[in-house]
Amino acid sequence: VETIAILRERGMIDDAKQAELLAKNQAWEGSHPSLLSRLEWSADFRSRLENFWYEDDPFGVDTPDNTRGRYRFRIGARAKVNEVVTAGFRIGSGDNNGYRSQNRSLGDSNNFDYDPIFIDQAYVELAVPRRFLPEGMTLKSISGKQVNPFLWKNGKDILIWDNDITPEGVGLQLTALPAERLSVFANAAYLLSAQYNTTRDPHGLGLQGGLLFLPAFRLLA
């Protein structure tokens, strides 16, 4: 746009040509959105006050009551680069000793020092284009530091997998609609919990599958 304005200012194009070039540029930008415009941002912040009250133990030790303030901050973005590649990241508050919780206590850093920020998610998804799959089917792989690749619907997630843990590895997810009111899914993941140079890395392999059927009911008047 600036180049077109300079050309018009120097008399290299007239008003009609300037309008034509601006229209073409606008049409091109509409069909070729920038990567920044495709970013889907998300963020959350929470704070709380925790109180701890103690009584004298049998040995007469007087433990003083304690009150602490805590906060958690996370911000991330996700972008669909094209129909195959999608990438995302999220950073959050926390420290090395709290990988199961990103809560940060006020005063953890001495003398109002800076609080740490850590990478909570960093992943890339590779999806098979829909034109190569049967209708109603999706298939994609996810690699990097990602959200829990498995689904837990029959109880509180925290009883099986802590929501603040973002495992590292590679996963494969498939969904399909083989029939009306019937959907199936399958998840697989190879996850690493540590990396060692001299011994075998501790790891885990998980497989999960399921189906959902919605029966049709007719209410009689």
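The values are calculated or read from the model by the stated rules, or taken from the named source; none is laboratory data. Bear in mind the structure is a predicted one, so any value in this text is a computation, not a measurement. No Cβ is skipped: glycine too gets one built from the backbone with ideal geometry, and neighbour counts run over all protein chains shown. Quick note on the areas: whole protein, heavy atoms, side chains included, nothing else; ligands and nucleic acids left out. Shrake-Rupley method; radii C 1.70, N 1.55, O 1.52, S 1.80 Å.
Numbers below:
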item: Lone qualifier among 93, 101 - being over 30 Å from residue 129 (Cα atoms), under 32 Å from the mean Cα position of the chain (by Cα) and at pLDDT below 80; result: 101
item: Selection from the range 168-209 of residues that are of a type in the set (S, T, N, Q), modelled with pLDDT of 90 or more and open to solvent by 50 Å² or more (accessible area, probe 1.4 Å); result: 175
item: Residue list for the range 62-117, restricted to those being under 21 Å from residue 42 (Cα atoms) and touching a helix residue (DSSP H, G or I) at 6+ places or on another chain (Cβ under 8 Å); result: 79, 80, 81
item: Of the criteria (1) open to solvent by 40 Å² or more (accessible area, probe 1.4 Å); (2) touching a residue at least 40 places away in the same chain (Cβ under 8 Å), which one residue 117 fails; result: (2)
item: The range 21-50: number of residues that are assigned to a helix (DSSP H, G or I), open to solvent by 80 Å² or more (accessible area, probe 1.4 Å) and at pLDDT 80 or above; result: 1
